[in-house]
Each structure stands twice: as C-alpha cells, then as structure tokens.
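The values are calculated or read from the model by the stated rules, or taken from the named source; none is laboratory data. What you are looking at is a predicted structure, and each value in this text was computed from that prediction instead of being measured. Here the Cβ is made from the backbone with ideal geometry for all residues, glycine too, and neighbour counts use every protein chain on show.
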Amino acid sequence: MKKSILLFVFVCLVNLFIGSSIFAQTPQPTGTTTYYYYYYCIGELASPLSVGGSNLSWYTAANGGTGSSTAPTPSTASPGATTYYVTQTIAGLESTPRKAITVNVNKQFSLFCAGTTSNSVSFDFANVGQSQFDYSYTVDGVGPITGSQTAPSSFSVNALLEGQTVVFTITAVGAPSCVSNRTLTASCATRCTSHFDATFNPIGPLCASDPLPSLPTSSLEGYLGTWSPLMVDNIATKTYTFTPTNKCVNSQIMTITVNPDSPGFSDFTICSGSSVPNLDTTSPNGVIGTWSPAAVDNLNSDSYTFTPDAGQCAAPQTIDVTVIPSNTLVDFSWTVTEAFADNQKISIAASAPGGDYLYKLDDGSFQSNAVFEYVASGLHSVTVIDQAGCSMPITKSDILVVNYPKYFTPNNDGFNDYWNISELSTQPYAYIRIFDRYGKFLKQISPNGSGWNGIYNGHFMPADDYWFVIHYLENNVAKEFKSHFSLKR
C-alpha cells in the first residue's frame with residue numbers, strides 16, 4: 001500500500017515538472033515589442049546590434065538557420081533596409097517568435113503635393129524614423145499656422161476656397177543627421193470650378209501735388225494679391241495690374257489719372273504783321289481755361305496769362321510772345337582771311353544785326369556761327385536765313401578764298417597734271433616764278449594760264465619739293481608770297 005502511494009506521488013511530481021517545462025514561454029529580448037529600428041547614414045560607423053536579454057542568439061531569418069551568440073554589426077556601404085532577428089534562452093527554453101530588428105541606411109526625406117479638390121489640398125512626406133514632425137503653412141500668404149505631429153506621413157488642409165494656394169513647410173524632428181533637406185516646403189493650390197472677378201473702388205483723378213494714395217492689398221471681395229507697379233505715380237497717368245494670389249480670380253487693371261499742375265504752354269515768336277495766331281484754350285497738358293489778353297497783338301511783343309477753369313489742378317501760367325520785325329535782312333557782307341593764310345576764314349555780317357540768323361557754306365549744313373574756318377581755296381557761296389522766317393533768305397556765290405595747291409601729279413591721267421594758283425586768274429598782271437630746292441629758276445607762269453607740267457628744258461623733273469614766289473594784288477595793294485609744294489610721280 002505504501003509503495004502504491006509513493007509511486008503516485010512520484011508520478012504527480014514528474015508530471016508537474018514536465019508540465020511546467022512544456023507550458024512555460026520565454027519572453028522576447030527587451031520586453032514584448034515585436035520590432036526595433038536602427039538608422040544610419042551611408043558610410044557611417046555602425047555598432048553591433050544591442051537588445052536587452054540573456055543568452056542571446058542572432059539570426060538572419062525569421063525562421064530556421066543557426067543562431068550566433070555574437071551580435072552582428074550592420075553594413076552601411078549601400079542604402080537600403082536589412083532585418084536581423086534575435087532570441088533569448090531562459091531555463092533551456094528559447095523565446096519565440098524571433099524579435100525583428102530593421103537597420104535603415106540613408107533614408108531620404110521628401111515632400112510633395114499629393115492631391116487637390118476645390119476646397120482642400122494634401123501633402124505626403126516620407127517617414128524616415130523621426131519621432132516628430134513640426135509643420136507650418138500659409139493660405140494665400142496669410143498665416144502661418146503651426147503645429148506638431150508624431151510620426152505622420154501626410155497632412156491635409158481643408159475648408160479652403162477655390163484657387164487658394166497653401167505653402168506647407170515641414171521639419172523632421174529626430175531624423176538622422178544625413179537626411180537631406182530636413183526642412184522642406186511645397187506649394188499646392190485647390191482646383192477651380194469657375195473664375196471670379198476682383199473689384200476695387202476707383203482712385204483719382206489726382207493732382208500732381210497730391211499725397212500718394214496706397215493701392216489696396218485686397219479686393220472688395222477679400223481677394224488678396226499684388227500690384228504692378230507697386231506704388232502709385234503722382235506725376236503721370238499710369239495703368240496698374242492686380243495679380244491675385246487666388247488662382248481662380250482674374251487679374252484686373254486700374255488706370256489712375258494724374259492731372260498736371262502746369263498747363264504746359266511755351267513762349268513763342270511771330271513775325272511783325274503776320275497772321276494773328278490763336279491762343280489755344282486747351283493746353284498741351286490737357287488743361288482747359290481762358291487767356292488774358294484774349295488775342296495776340298501781331299505788331300508788339302507782350303505777355304499773356306492763361307487761367308485754368310475751376311476744378312483743375314494746374315495753376316495760371318504767363319507766356320511771352322515776341323514780335324520780330326519783318327523783312328529786315330536785305331543784305332550781308334563778308335570778309336576773307338588774307339590769301340595763303342594757314343586758317344582761311346570767311347566771316348559774315350548781316351545788314352540787320354541782332355537777328356536770329358543761320359549761315360550755310362556751299363552745300364553744307366546751317367550753323368548759328370557767322371564764321372567759317374579752314375575753308376578750301378576757290379569760289380564759295382554763302383546763304384543767310386532768318387531763323388524765325390521773317391525775312392527772305394539771301395545767297396551770294398562770289399566769295400573767293402585764295403590759297404595754293406600743296407602738291408600735283410603730272411602723270412597725264414587728267415587729274416592734277418598742272419600746278420597753278422588759278423584763284424588769281426582775274427589778275428592779268430599777277431605772275432608766279434618756280435624754283436628747285438637749290439634756288440635754281442625753272443619756270444615763270446601766269447595764274448590765268450594752264451600752269452606748270454613738271455618739265456624743264458624738255459626733261460621730266462623728279463619728285464621733290466619746289467619753291468614758288470607769287471606777285472599779286474590784294475585790296476589794290478601789291479603783295480608777294482613765298483612757299484613750296486610737292487611734285488609726286
């Protein structure tokens with residue numbers, strides 16, 4: 001009997017021990033969390049994986065394989081995610097399932113507009129393991145609205161109007177240092193089912209001296225936007241363009257009229273006895289008013305005052321009307337620098353000095369200077385005109401400038417084959433004697449003849465400098481002039 005009782009107790013103890021061994025379960029390393037993450041940058045120095053527990057075994061797969069008691073050191077040579085597995089063994093029992101540890105290398109952070117409706121926009125961004133995102137956004141430039149969320153991957157802004165633009169900025173908090181662009185910004189606009197007009201109260205008209213008004217930052221409907229130009233000009237009339245921030249609102253223009261502070265008349269001249277000009281009652285700057293005196297006196301110079309009508313910006317203006325005597329230019333005289341001067345000048349003197357005259361030499365342009373310098377030898381014409389047009393133009397064509405040719409080329413080509421001073425051809429008693437550079441007399445010629453052809457005693461003279469002496473009259477005074485010229489072959 002005792003043997004039976006002892007046997008029964010032994011069997012019960014054995015069963016109790018076996019039962020406790022079979023039904024007991026060893027926990028995973030580091031509590032009951034199923035997954036664990038590591039984050040590295042490419043090339044970053046990695047450490048062996050570490051979890052809490054005892055008698056750890058490391059695996060490369062969730063099932064099967066042989067465990068290692070040495071914790072693996074992850075490779076950071078290339079981007080990607082690698083999962084390792086670990087168990088702990090207590091009282092001979094290994095934990096199950098194996099705990100997963102994922103190592104992420106060089107995860108990138110991105111943000112983009114994910115979707116739009118007529119009243120909402122959505123943004124998506126990559127969750128790279130950071131514990132928090134800080135965000136801020138503006139709606140059509142108004143804001144910002146700020147906040148923080150724990151490890152989300154998207155964000156939506158709702159209750160918007162059609163065409164409103166949301167600029168969304170997000171910062172990854174707790175992300176690895178290698179995550180590029182830790183703070184990112186994206187813009188997204190709601191869809192437009194229709195378009196709207198922005199309206200504004202008109203501005204102006206303005207006076208040029210008025211203070212500058214400000215352009216409204218929003219329309220009467222509340223649409224925000226910007227103006228171009230940004231500031232109002234109080235000098236000239238301009239058109240300004242409003243560009244709304246809301247994509248569903250049409251751009252608008254506003255023309256701001258600026259009335260001048262001066263009529264803009266100018267003094268003028270008329271010829272004595274000419275037709276009486278009208279005094280315009282609308283000024284060049286568009287100002288309307290009246291004159292005093294009301295009509296121009298075409299015989300006497302006088303001042304005239306323009307008074308703008310009431311309600312205009314411009315002040316009264318007085319102008320001077322100058323009456324120029326008519327037909328006073330009837331003749332002019334001239335003087336010419338003496339013959340053979342280095343700078344030959346023609347000076348003109350009008351018969352009615354003090355007038356506003358212009359002068360022209362030959363076919364040149366008119367000039368206000370009555371002196372022409374460095375004039376070529378020969379006969380010239382001069383024209384004098386009254387710039388106001390109160391006298392008829394006068395032209396004279398018998399103005400003689402005397403000088404000598406500096407060279408000639410006796411090669412029988414029909415050009416410069418003879419050397420002479422033909423400007424004195426009207427003086428029958430004038431004569432010229434030519435010498436070589438050593439003083440040898442070569443030829444005597446008359447200014448009214450053909451001149452010297454470069455031949456002496458039937459021989460062609462060489463290219464060289466030759467001297468001459470001319471005897472002539474100037475203002476009935478006998479004169480002599482000496483100089484030299486070149487023979488070129």
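Among the residues making up region 209-251, those that are closer than 27 Å to residue 314 by Cα and exposed (fewer than 13 other Cβ atoms within 10 Å of the Cβ) are 209, 211, 212, 214, 229, 230, 231, 235, 236, 239.
Go through (1) assigned to a strand (DSSP E or B); (2) modelled with pLDDT under 90; (3) among the polar types (S, T, N, Q) one by one and return the number of the condition residue 234 breaks. With respect to (1) assigned to a strand (DSSP E or B); (2) modelled with pLDDT under 90; (3) among the polar types (S, T, N, Q), residue 234 is out only on (1).
On the stretch given as region 437-452, residues that are surrounded by fewer than 16 Cβ atoms within 10 Å (Cβ to Cβ) and in a loop (DSSP other than H, G, I, E, B) total 7. Scanning region 197-208 for residues that are modelled with pLDDT under 90, in a loop (DSSP other than H, G, I, E, B) and surrounded by 15 or more Cβ atoms within 10 Å (Cβ to Cβ) yields 204, 208. Here residue 130 fulfils each of the conditions (1) outside any strand (DSSP E or B); (2) at pLDDT 90 or above; (3) in contact with a Gly (Cβ under 7 Å, 6 or more places away or on another chain); (4) not β-branched (Val, Ile, Thr) apart from (2).
For residue 222, indicate whether it is outside any strand (DSSP E or B), over 28 Å from the mean Cα position of the chain (by Cα), without any contact (Cβ under 8 Å) to a residue 12 or more places away in the chain and not assigned by TED's automatic domain parsing to the domain that holds residue 154. Yes, satisfied.
Residues checked against (1) of a type in the set (D, E, K, R); (2) in contact with a His (Cβ under 8 Å, 6 or more places away or on another chain); (3) farther than 16 Å from residue 142 by Cα:
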{"site": "205", "(1), (2), (3)": "no, no, yes"}
{"site": "208", "(1), (2), (3)": "no, no, yes"}
{"site": "219", "(1), (2), (3)": "no, no, no"}
{"site": "248", "(1), (2), (3)": "no, yes, yes"}
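Only one entry in 78, 110 is of a type outside the set (Asp, Glu), surrounded by fewer than 17 Cβ atoms within 10 Å (Cβ to Cβ) and more than 38 Å from the chain's Cα centre (by Cα), namely 78. Entry remark, region 239-277: residues being of a type outside the set (A, V, I, L, M, F, W, C), over 30 Å from residue 189 (Cβ atoms) and not in a loop (DSSP other than H, G, I, E, B) number 2 in total.
The set of residues from region 181-196 being modelled with pLDDT of 90 or more and not in a loop (DSSP other than H, G, I, E, B) comprises 185, 186, 187, 188, 189. Restricting attention to region 289-318, the residues that are farther than 17 Å from residue 271 by Cα, of a type in the set (A, V, I, L, M) and either in contact (Cβ under 8 Å) with a residue 12 or more places away in the chain or assigned to a strand (DSSP E or B) (or both) add up to 3.
Residues of region 333-377 that are surrounded by 13 or more Cβ atoms within 10 Å (Cβ to Cβ) and on the phi > 0 side of the Ramachandran plot: 340, 362. Considering region 408-425, and only residues there that are loosely packed, with under 11 Cβ neighbours inside 10 Å and either under 19 Å from residue 467 (Cβ atoms) or not acidic (Asp, Glu) (or both), the residue that is nearest to the chain's Cα centre (by Cα) turns out to be 415.
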